[in-house]
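Reading through the structure tokens given below for one structure.
FYI, it's all coordinate maths here, none of it is from the lab. All values reported here derive from a predicted model rather than from experimental measurement. Positions of Cβ are generated from backbone atoms using ideal geometry, with glycine treated the same way; all protein chains shown enter the neighbour counts.
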């Protein structure tokens with residue numbers, strides 16, 4: 001094979017699994033199917049709700065309309081359009097992971113060898129803890145239907161679920177997370193830190209829930225003098241992250257730890273970040289993680305968690321549409337997280353109300369040929385020590 | 001240290017494949033049931049969705065073959081695997097995939113039109129009955 005096969009606008013690297021012709025076609029089909037559902041099928045759920053499900057609900061209850069997103073969900077559950085949409089949407093999620101998993105498992109041995117070969121190049125490190133207790137919210141359900149989750153290991157030195165995540169996220173996001181799936185990190189750096197804190201120069205940085213380190217690497221580039229650490233619960237994603245960072249020439253110190261309680265000393269970091277991690281933690285775990293951030297930050301340090309905004313102020317039907325993933329797409333913590341007042345939680349975790357803010361920043365993603373030019377938005381929970 | 005790390009931390013069970021497989025096919029946690037038939041319709045839809053992906057893969061393979069044939073006049077060994085779509089070609093394929101998907105999932109649009117029009121099977125049967133009544 002002359003050049004590695006990639007998706008349009010995707011940057012190849014040594015650890016990225018390479019789909020063959022039909023695997024790439026199936027992954028392309030999943031993208032087309034997801035786009036079709038989003039643009040041509042999902043709008044029908046709102047129509048069916050207004051024209052059929054809500055009137056039916058009201059007629060059975062003396063004229064009372066569904067009161068909140070939970071009643072809207074129940075009103076829709078009996079409608080065949082909603083059932084078909086839900087079923088095909090769920091199937092598309094399974095197909096997404098299957099289309100990538102088949103490609104990854106075909107190359108699993110080779111990927112493990114490549115991971116081994118990439119170590120020691122950039123000066124980063126990997127510290128695993130085989131005895132780490134996996135918390136219930138991560139152990140019981142493999143988030144977003146990814147087989148194996150972040151921790152499934154099926155061979156010694158396995159990196160398969162890391163490769164599955166790296167390629168799967170690119171397919172899932174249809175490339176909108178950038179050529180290296182690093183747009184969230186790039187956005188926080190360029191559109192928040194550079195814009196709002198231009199003189200900020202952290203000496204030590206910690207990325208919590210880093211998965212394959214895709215959002216971690218922009219911080220290495222932005223702060224070349226900083227010592228960059230990254231933690232996650234899963235050993236195989238960390239093995240992959242370490243090898244990926246080394247292959248891409250970025251020094252990151254990865255360790256297998258729970259963000260609720262790490263082994264770093266008090267005041268060890270100047271910048272703590274996370275990217276789309278809050279909605280994968282339970283509310284109690286989130287509170288402990290925010291308190292841990294407060295413990296770990298040095299005076300003058302910043303905590304920035306990039307995720308999606310809460311349900312407050314969003315109309316109930318939109319809430320119900322968003323909440324579909326909570327109940328039906330293995331995102332059980334999505335709705336609970338969005339129901340919390342995270343500013344209040346951060347304030348209560350030690351930051352104090354005056355040192356916490358919620359910020360919306362545009363994403364930086366650069367779209368090239370064949371894609372709709374569109375900027376997204378990222379919600380940031382910011383705490384200053 | 002990559003190769004020497006013990007696998008399968010004993011702290012919590014992970015998703016496991018069935019015998020003869022090296023990787024699980026599904027995520028840990030139950031799959032939802034959307035139709036009140038024990039999951040039969042959901043399974044049929046999963047099969048149809050997978051089948052659609054297979055049909056698409058076939059179509060794309062044919063497209064690749066046609067492109068390669070047009071370019072070279074013959075098909076040398078490995079020509080399909082070696083072919084890399086140009087950006088323009090990739091864009092064309094995305095558009096084709098969108099049109100293909102719209103054809104396969106046409107039923108959703110039919111149902112949307114039906115919902116907006118207020119058409120129901122009962123209404124249709126009433127129309128037939130009305131015709132019979134005119135006999």
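Pick from A:333, A:278, A:84: which residue has the top mean-square fluctuation in a GNM of chain A where Cα pairs under 10 Å get a spring?
Evaluated over chain A, the most mobile residue of the options is A:84.
Sorted from fewest to most neighbouring beta carbons within 10 Å, what does the list A:378, A:206 look like?
Ordered by Cβ neighbours within 10 Å, fewest first: A:378, A:206.
Hey, got the average number of other protein chain Cβ atoms within 10 angstrom for residues in A:38-45?
4
Return, for the Cα atoms of the stretch A:228-373, the radius of gyration and Dmax in Å, separated by a comma.
Over the stretch A:228-373's Cα set, Rg and Dmax evaluate to 17.1, 48 Å.
Give the separation of the Cα centroids, the stretch A:231-248 to the stretch A:32-67, in Å.
Centre-to-centre (Cα) distance: 42 Å.
Using helices alone, I'd like the mean residue ellipticity at 222 nm for chain A: each DSSP H run of four-plus residues gives -39500 (n - 2.57), total over residue count, nearest 500.
-12000 deg cm²/dmol
Rg and Dmax of the protein assembly as shown, Cα atoms, in Å?
Radius of gyration, then largest Cα-Cα span, for the protein assembly as shown: 24.5, 90 Å.
From the alpha carbon gyration tensor of the stretch A:140-225, can you work out the equivalent ellipsoid semi-axes (sqrt of 5 times each eigenvalue) and give them in Å, largest to smallest?
For the stretch A:140-225, the semi-axes come out at 29, 15, 11 Å.
Neighbouring Cβ atoms within 10 Å as the yardstick, rank A:137, A:172, B:124, A:165 fewest first.
Placing the least packed residue first, the sequence is B:124, A:137, A:172, A:165.
Which distance in nm do the two modelled labels at residue A:298 and residue A:197 give, with both placed 7 Å along the Cα-to-Cβ direction?
1.3 nm
I'd like the mean, over residues of A:107-115, of how many other protein chain beta carbons sit within 10 Å of each residue's own Cβ.
Partner Cβ neighbours, averaged per residue: 1.
Using Cα atoms only, what is the angle between the long axis of helix B:40-72 and the major principal axis of chain B, expressed in degrees (0 to 90) to the nearest 10?
For B:40-72 against chain B, the angle is about 60 degrees.
Between the stretch B:88-135 and the stretch B:28-45, what is the separation of their alpha carbon centroids in Å?
24 Å
Tally the DSSP beta bridges in the protein assembly as shown and give the antiparallel ones as a percent, rounded to 5.
40 percent
Any idea what angle helix B:106-117 forms with the longest principal axis of chain B, computed on alpha-carbon atoms, 0 to 90 degrees, nearest 10?
30 degrees
Using a 10 Å cut-off around each Cβ of peptide A:319-332, what is the average number of partner chain Cβ atoms that fall inside?
Other-chain Cβ atoms within 10 Å of each residue's Cβ, averaged: 1.
Provide A:47, A:246, B:125 in ascending order of the number of other Cβ atoms located within 10 Å of each residue's Cβ, fewest first.
B:125, A:47, A:246
Most mobile of A:63, A:348, A:157 per a Gaussian network model of chain A (Cα springs, under 10 Å)?
A:63
Roughly what % of DSSP beta bridges within the stretch A:262-385 run antiparallel, to the nearest 5?
The antiparallel fraction comes to roughly 70 percent.
Compute the acute angle (0 to 90°) between the alpha-carbon long axis of helix B:121-133 and the principal axis of greatest extent of the alpha-carbon atoms of chain B; round to the nearest 10°.
Roughly 30 degrees between the two axes.
Mean residue ellipticity at 222 nm from the helices of chain B, using -39,500 (n - 2.57) per DSSP H segment of n ≥ 4 over the full residue count, to the nearest 500 deg cm²/dmol?
Taken over chain B, the calculation gives -19500 deg cm²/dmol.
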